[in-house]
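Just below is one structure, and these are the notes that go with it.
The values are calculated or read from the model by the stated rules, or taken from the named source; none is laboratory data. Bear in mind that the values here come from a model prediction, so they are computed numbers and not experimental data. With ideal geometry, Cβ positions are generated from the backbone for all residues, glycine too; neighbour counts draw on all protein chains shown. In case anyone asks, the SASA skips ligands and DNA or RNA and just uses the protein heavy atoms, side chains included. Shrake-Rupley method; radii C 1.70, N 1.55, O 1.52, S 1.80 Å.
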Amino acid sequence: MDSQVIVALALSLVGGLSTSLGALLVILSGAPSLKMLGLLQGFAAGLMLSISFFDLAHNAINSIGFLKGNLWFFAGIIFFAVVVTFIPEPQIAPASEGKRKKENGDEGEKDMMKKHRRQVFYSGIVTAIGISLHNLPEGMAVFLGSLKGLRVGLNLAFAIALHNIPEGVAVALPVYFATQSKWEAFKLATLSGFAEPLGVVVVAYLFPSSLNPEILEGLLGAVGGVMAFLTLHEMLPLAFDYAGQKQAVKAVFFGMAFMSASLYFLQISLPEDMSL
């Protein structure tokens, strides 16, 4: 069992560290303009919504039933809504206030940009939390796949690695824009990927034989609710503010289509009796 855990940890690291590759794509291309940031935030919101509705909530409803799945999903929404009320959230200044400040000269413009960066950084933090929660069951799946054989584990790790690149982009992009620090963006995206080997440790050592599948599916459904809430509450408003409603909505649907294709690729890589 110990050797299987080591193999699973190595494979999950390959998959998890692909978030670092997504971060590299961001920091090598440079910090985007506000409009480009809005489009990319819309794209990232589409990724998160697709994971939430088409993966986590969908699997919970199929596994434990429509009523229980929805109860867990909305429990996650309520939980995170309560948490957000205790987190100090920077507010963007209204457009009219921004115009007045711009008329006052460079000082007002710099102050406005600082508020933009604070809000975007907050968005990056909650995105990293959501991606980390989503990566936990992927690590569990890599461990279970490795138990079936090295070929299954390798195929699954490779599929997850491709799947995690846009997630690394979603985490690193707002952090890089807000801090102008390549290291901070890379570090946070990489840390979100480390949730995958953590998933291996959890399923291998904490719940070796007593992991209740119904509770697990319910918790993952709740994670879907958390991700849906933070996407609609944090990421979409930024996308609308910076890119405009029409362009942001297009970016959201493009992100959803991209992640749906990625989830499909993951699904066909799994054995028939396994699912993420």
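Assorted remarks:
- Search result, residues across the range 79-93 that are among the hydrophobic types (A, V, I, L, M, F, W, C) and either modelled with pLDDT of 90 or more or within 22 Å of Ala248 (Cα to Cα) (or both): Ile92, Ala93
- Where a residue in the range 163-184 is in a loop (DSSP other than H, G, I, E, B) and its partner, wherever it lies, is open to solvent by 40 Å² or more (accessible area, probe 1.4 Å) and aliphatic (A, V, I, L, M), with Cβ under 7 Å and at least six apart: Gln180/Ala31
- Restricting Gly69, Gly76, Gly65, Gly105 to residues that are surrounded by fewer than 16 Cβ atoms within 10 Å (Cβ to Cβ), at pLDDT 85 or above and over 30 Å from Lys182 (Cβ atoms) narrows the list to Gly65.
- Evaluation of Val200 against (1) exposed (fewer than 15 other Cβ atoms within 10 Å of the Cβ); (2) aliphatic (A, V, I, L, M); (3) within 20 Å of Ala161 (Cα to Cα) (one fails), failing number: (1)
Yes/no per residue for (1) open to solvent by less than 10 Å² (accessible area, probe 1.4 Å); (2) touching a Cys at 6+ places or on another chain (Cβ under 7 Å); (3) modelled with pLDDT of 80 or more; (4) within 21 Å of Gly130 (Cβ to Cβ):
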{"residue": "Val7", "(1), (2), (3), (4)": "no, no, yes, no"}
{"residue": "Val14", "(1), (2), (3), (4)": "no, no, yes, no"}
{"residue": "Leu17", "(1), (2), (3), (4)": "no, no, yes, yes"}
{"residue": "Gly22", "(1), (2), (3), (4)": "yes, no, yes, yes"}
{"residue": "Gly30", "(1), (2), (3), (4)": "no, no, no, no"}
{"residue": "Leu37", "(1), (2), (3), (4)": "yes, no, no, yes"}
{"residue": "Leu47", "(1), (2), (3), (4)": "yes, no, yes, yes"}
